[in-house]
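Undergrad: I'd like to ask some things about the structure below.
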Amino acid sequence: MAETFAIPPQQAGVASANSALLSVEHVEKVFGGRGNLTHALDGVSLNIAQGEFIAIMGPSGSGKTTLLNCISTIDRPSNGRILVKGQDITKLSNRSLAKFRREELGFIFQDSNLLDTLTGFENIALALTIKGERASQIPERVKEIAHKLGVEQSMNKYPSQMSGGQRQRVAAARAIVCDPSLILADEPTGALDSHNATVMLETLEGMNQNMGATILMVTHDAYAASFTSRVLFLSDGRIFNEVHRGTLSREEYFTRIMEVVTFLGGEARHAG
Ligand SMILES: Nc1ncnc2c1ncn2[C@@H]1O[C@H](COP(=O)(O)OP(=O)(O)OP(=O)(O)O)[C@@H](O)[C@H]1O
Ligand SMILES: [Mg+2]
């Protein structure tokens, strides 16, 4: 039975290692020591091409957050390489790491992580300031992104005055405003009701399809995953399977995803 779902890990990815924006090569992550080792990642390899929108799914404890943390350079792999645009980010010095995160990555978290004392406008503007954008350019850039993502009404509000859905969409605007190579999203719809989750997923889909953003999203939710173009499944620290949307309708794609989720024993809810 497992054979019908499992694939050799080396095959994960439509991009070849050469053309990949992100290339994860035989990454292992071991936690603990002496007699108490956890192989959180056990030889993960995957390639992601520029312009893809990918979901990572898998049961609790399968290594999703650990993988995201290694890609975001919050954590370092025990073994293996992670290349972004051909550069091995596991070898970067701390100083280069800060620059890499600032210039190449955008982050979206489960709870928006906006700064409470700044308005929506100021939260987005801050990302540009940190990146070194010229002050005279900033208001225009923020307005443009707010318009594209439909969050203009949140620009003068503080996070406490926004709805949960508005906060997440402002966080999405903040993540993309600096035009990062890769946006990493950890359960971005995990704290939202189904309506706001759908609006957020449509926002991410628009960022991918209309603005060229490459997005890697960790999710427990097959419905959320059905907005992507490809789902990678982790199980026990290994890539267990992947499902491509291809020409499938979203409903058909959801059904395919659910088959693997059910096989792996995860939880999920129904489409639509
Ligand atoms: N800092 C740590 N120290 C020791 N073990 C860890 C640490 N972080 C993660 N682990 C272990 O590594 C494995 C993978 O954890 P990870 O957080 O990546 O799972 P996950 O897929 O994100 O799960 P969830 O869906 O519950 O968020 C688990 O067995 C976990 O207990
Ligand atoms: Mg996790």
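Undergrad: What order, most packed first, do the peptides 220-232, 141-153 have when packing is the mean number of other Cβ atoms within 10 Å of each residue?
TA: Highest mean packing first, the order is 220-232, 141-153.
Undergrad: I would also like to ask the following. Please arrange Asp111, Asp42 by accessible surface area, largest first, computed with a 1.4 Å probe and ligands excluded. If you can, show how the numbers build up before the last one.
TA: Values: Asp111 100, Asp42 45 Å².
Sorted descending by solvent-accessible area, the residues read Asp111, Asp42.
Undergrad: Looking at the square roots a ≥ b ≥ c of the eigenvalues of the Cα gyration tensor of the stretch 57-167, which shape do they give, rounded for a/c under 1.5, prolate if a/b is larger than b/c, or oblate?
TA: Oblate is the answer for the stretch 57-167, as a/c is 1.5 or above yet b/c matches or exceeds a/b.
Undergrad: Carbon and sulfur atoms: what percent of the 1.4 Å accessible area of the stretch 115-254 do they account for?
TA: Carbon and sulfur together cover 47 percent of it.
Undergrad: Still on this structure, I have one more. Kindly provide the helix-only [θ] at 222 nm of the chain, computed as the sum of -39,500 (n - 2.57) over DSSP H runs of four or more divided by all residues, to the nearest 500 deg cm²/dmol?
TA: Value at 222 nm, helices only, nearest 500: -10500 deg cm²/dmol.
Undergrad: Go through Lys64/Lys131; Lys85/Lys148; Lys85/Lys131 and tell me which ones have a Cα-Cα distance over 22 Å in this structure. Please list the in-between numbers first.
TA: Working: Lys64/Lys131 28 Å; Lys85/Lys148 27 Å; Lys85/Lys131 19 Å.
In this structure, Lys64/Lys131; Lys85/Lys148 lie more than 22 Å apart at Cα.
Undergrad: How much of the pair distance distribution for the chain lies past 36 Å, counting alpha-carbon pairs only, in percent? Mind dumping the intermediate values first?
TA: Details: 4962 of 36856 pairs.
Above the 36 Å cut-off, the chain has 13 percent of its Cα pairs.
Undergrad: I've got another one for you. What residues have an amide H closer than 5 Å to that of Gly43, excluding those fewer than 5 places away on the same chain, when H is modeled at 1.01 Å from N in the peptide plane?
TA: Here the answer is Val27, Glu28, Lys29, since their amide H atoms fall under 5 Å of that of Gly43.
Undergrad: If you don't mind, there's one more thing I want to ask. For the chain, what is the accessible area per residue in Å² when the probe is 1.4 Å?
TA: Result: 47 Å² per residue.
The values are calculated or read from the model by the stated rules, or taken from the named source; none is laboratory data. Computed from a prediction, not measured in an experiment: that's the story for all the values here. For neighbour counting, all protein chains shown are included, and Cβ atoms are generated from backbone atoms with ideal geometry for every residue, glycine included. In case anyone asks, the SASA skips ligands and DNA or RNA and just uses the protein heavy atoms, side chains included. Shrake-Rupley method; radii C 1.70, N 1.55, O 1.52, S 1.80 Å.
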